[in-house]
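Here's the structure we're looking at; comments come further down.
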Amino acid sequence: MIQITLPDGTIKSFKKDSTPMDVAKNISEGFARNVISAKFNDVTIESSTPLTKDGKLVLYTFNDADGKKAFWHSSAHVMAQAIQQLYPGVKLTIGPSIENGFYYDIDFGDNVVSEKDFPTIEKKFLELARGKHEFKMREVSKADALAKYKEEGNQYKVELIENLNDGEITFCDHSDFTDLCRGGHIPNTGIIKAVKVMSAAGAYWRGDEKNNQLTRIYGVSYPKQKMLTEYLELLEEAKKRDHRKLGKELELFAFSAKVGQGLPLWLPKGAALRERLENFLKKAQKKAGYEMVITPHIGQKELYETSGHYAKYGEDSFQPITTPKEGEEFLLKPMNCPHHCEIYNHKPYSYKELPKRFAEFGTVYRYEQSGELHGLTRVRGFTQDDAHIFCTPDQLDKEFKDVIDLVLYVFKSLSFDNFTAQVSLRDPENKEKYIGSDENWEKAENAIINATKEKGLDYVIEYGEAAFYGPKLDFMVKDALGRSWQLGTIQVDYNLPERFELSYKGADNQLHRPVMIHRAPFGSMERFIAVLLEHTAGKFPLWLTPEQVIILPISEKYQIYAEKVLNLLENSEIRALVDDRNEKTGRKIRDAELNKIPFMLIVGEQEEGEETVSVRKQGEGDIGTLKINDFISLINKEIDSTLEKF
Ligand SMILES: [Zn+2]
Ligand SMILES: [Zn+2]
């Protein structure tokens, strides 16, 4: 008998050579029907692999990331089989699962595959899948493995096998198809009920442009047709919400080849939006006892050598800027922290003056390869809503809680209601990997866990995920399409205070090291605004949106009255504009709807006579005629309701 430990801690006895599927059936037949793959003692195995010793077993369904991986990897085999049948003589290379689906890199020889061929591949795929062929692993000697692919003239697989050791080479068979593979499959092909070939793109063998160009065929598959349909709908919606598209339509930001790749240019509306976000946070930070500081965009190379950032960002990033005569070396700032440490260092502190909380919307520059750049989410220059808190170890607990309050306030005010927190702690078995005393680590880890619990956050603890300099708390936010984004982060740091020799005088009159907290609720302004755009589809909360009201005179005759309404709104600090184009009212309404302006005020003869406005709400239509002052109180009430008090 062998002892199998399940994830919930239960230990069950099974006959030797029982399979993960046997264990699943023992739990329940219904559950077993959904189990598609397994991990034994942290190694991925097939659900049919006999278990020969005691160990920890995890069973996966399609709902688990590991289950999806097996499902999609298995689908890559079936797609390769389908393509091989449709295009005899193609040479297969590698076919892994990816975040959403899988791909296979194939040398098509003289064949050309394009979008019009995708339906044929899908049809063949499903025909093969319906055969319910089992995936079976078998060991094969290096000589036999090489012989198979040499005979096929597949130099790619030969190259792969040549780099493997005899005795650790396995093939996977299903129906009449065989592929070189390390394993991790679903039980049989019949589980795959829906497939979509997504795209075909060029890819060099082993990613090296000196090598042959292959065709990378991307696909995605599901255990239910409905799931595929939903996924494709989600992609459609994501395309509509793409922040690069919305940013252009709403005139928020632009890029210029002349200025340089990955360097966003904020247009007037985008700059105003960003300023409102900054002011919103500044106001809350002021109440929370932060002080604003300003530091330069460059710093001496030595500063970053002291901080350790040069080791991390130096050689692989923007190279030093040198002065023509003195031979000084400066770096574009990759982080604000070293500057803030030197701000702390400008004078001695007593414990009574702590904590010090220095905040800055600090722009930093980090080199990214041009191929990695993406809209506002991957850029080469970005502004962090950064702050560093310098406190005594005893103050850490309260400071941490206060930072969480601030982060939650930010999320709530921007309608991110769905988020989880990840607490990253030390690997308890490898304590020597981290700097700082055990006592301080315990204090910091307890501070984070207590604060997270006390604030009622939905959290997971990850051991071994802490930075070497301290534990941290990251916020993963789910957007309206269910995609996860990492936004705010709070990190405890024992390293920089040490490197910069920061100190304060304690009650004992001795010098002590302060603890440092790095925090950024938005993360970066660029990334945050990108996520916010995709989350809201450009329909920002009323307090934030660029134009809150548009006034639509039904003809030139009412232009003066429209200006009067505009004045009254502006006096009440409502952001408004007049659409004075010589267009039909219907057209003006449509354009305002498209520009996502929350309120439209239509003014004509009757409105002018009665000093009223006819109010339309974006997406909702006509809500009636109101006296101007009544409209102002209505909108103010609504602005207040979308922005909580901190
Ligand atoms: Zn495989
Ligand atoms: Zn920092």
Over segment 1-143, what percent of the accessible surface lies on carbon and sulfur atoms, probe 1.4 Å?
-> 49 percent
What is the count of Lys pairs in segment 269-376 whose alpha carbons sit under 25 Å apart, if the two are 8 or more places apart or on different chains?
-> 23
In vacuo Debye sum over C-alpha of the chain, base-10 log of normalised intensity I(q)/I(0) at q = 0.05, 0.07, 0.09 Å⁻¹, listed in q order, is -0.34, -0.65, -1.01
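First measure r as the distance between the Cβ atoms of Asn211 and Asn446, then evaluate 1/(1 + (r/R0)^6) with R0 = 56 Å and state the FRET efficiency to the nearest 0.05.
Values: r = 53 Å, r/R0 = 0.94.
Plugging the Cβ-Cβ distance into 1/(1 + (r/R0)^6) gives 0.60.
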Take peptides 405-418, 105-118 and line them up by average Cβ neighbours within 10 Å, highest first, as a rough protection proxy.
-> 405-418, 105-118
Counting only residues 5 or more places away or on other chains, whose amide H sits under 5 Å from the amide H of Thr625 once H atoms are built in the peptide plane?
-> Val615
Using Cα positions and a limit of under 16 Å, work out the lysines in reach of Lys150, with same-chain residues fewer than 8 apart set aside.
-> Lys91, Lys142
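Whole number in Å², please: accessible area per residue of the chain, 1.4 Å probe, ligands, DNA and RNA not counted. Mind showing how you got there, number by number?
Details: 32010 Å² over 646 residues.
That works out to 50 Å² for each residue.
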In degrees, nearest 10, range 0 to 90: what is the angle between the Cα axis of helix 118-129 and the longest Cα principal axis of the chain?
-> 50 degrees
How much FRET efficiency would the formula 1/(1 + (r/R0)^6) give for Ser641 and Met292, where r is the Cβ-Cβ distance and R0 is 30 Å, rounded to 0.05?
-> 0.55
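On the accessible surface of segment 568-646, probed at 1.4 Å, how many percent belong to carbon and sulfur atoms? Walk me through the intermediate numbers first.
Working: 2050 of 4620 Å².
On segment 568-646, the fraction of accessible area on carbon and sulfur atoms equals 44 percent.
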Angle in degrees between helix 438-454 and the longest Cα principal axis of the chain, rounded to the nearest 10 = 70 degrees
Proximal lysines relative to Lys637, as straight alpha-carbon distance under 16 Å, when same-chain residues fewer than 8 apart are discounted | Lys617, Lys627, Lys645
Reach of Lys226 by Cα under 27 Å, taken over lysines that are not fewer than 8 positions away in the same chain = Lys25, Lys68, Lys69, Lys116, Lys123, Lys124, Lys132, Lys193, Lys196, Lys239, Lys240, Lys478
The distance between the Cα centres of segment 286-311 and segment 1-80, in whole Å, is 50 Å
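Report, to the nearest whole %, how much of the accessible area of segment 339-475 belongs to carbon and sulfur atoms, 1.4 Å probe, protein only. Don't jump to the answer; show the numbers that get you there.
Values: 2540 of 5990 Å².
Answer for segment 339-475 is 42 percent, counting heavy atoms of protein chains only.
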For segment 378-452, what number of Lys pairs, 8 or more residues apart or on separate chains, have alpha-carbon atoms under 22 Å from each other?
-> 6
For segment 343-412 and segment 147-162, write down the distance between their C-alpha centroids in whole Å.
-> 53 Å
Show me 488-497, 562-571, 503-512 ranked by packing, highest mean number of other Cβ atoms within 10 Å first.
-> 488-497, 562-571, 503-512
Please give the length that would be gained between Asn63 and Asn345 if that part of the chain were fully extended, namely 0.36 nm times their separation in residues minus their C-alpha to C-alpha distance (nm, one decimal).
-> 96.4 nm
Please give the length that would be gained between Glu168 and Lys258 if that part of the chain were fully extended, namely 0.36 nm times their separation in residues minus their C-alpha to C-alpha distance (nm, one decimal).
-> 27.1 nm
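If you stretched the chain out fully between Lys627 and Glu275, how much longer would it get, using 0.36 nm times the residue separation minus the C-alpha to C-alpha distance?
Values: separation 352, 0.36 × 352 = 126.72 nm, distance 3.15 nm.
Once the chain is fully extended between Lys627 and Glu275, it gains 123.6 nm.
Using DSSP, restrict attention to beta bridges with both residues in the chain and report what percent are antiparallel, rounded to the nearest 5. Don't skip to the end; give the middle numbers.
On the way: 93 of 111 bridges.
Percent antiparallel among DSSP bridges in the chain is about 85.
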With r as the distance between the Cβ atoms of Ala537 and Lys564 and R0 = 45 Å, compute the FRET efficiency 1/(1 + (r/R0)^6) and round to 0.05.
-> 0.85
Cα axis of helix 65-86 to longest principal axis of the chain: angle in degrees, 0 to 90, nearest 10?
-> 60 degrees
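The values are calculated or read from the model by the stated rules, or taken from the named source; none is laboratory data. None of these values were measured; they are calculated from a predicted model. When we count neighbours, we look across all protein chains shown, and the Cβ atoms used for this are built from the backbone with ideal geometry, even at glycine. In case anyone asks, the SASA skips ligands and DNA or RNA and just uses the protein heavy atoms, side chains included. Shrake-Rupley method; radii C 1.70, N 1.55, O 1.52, S 1.80 Å.
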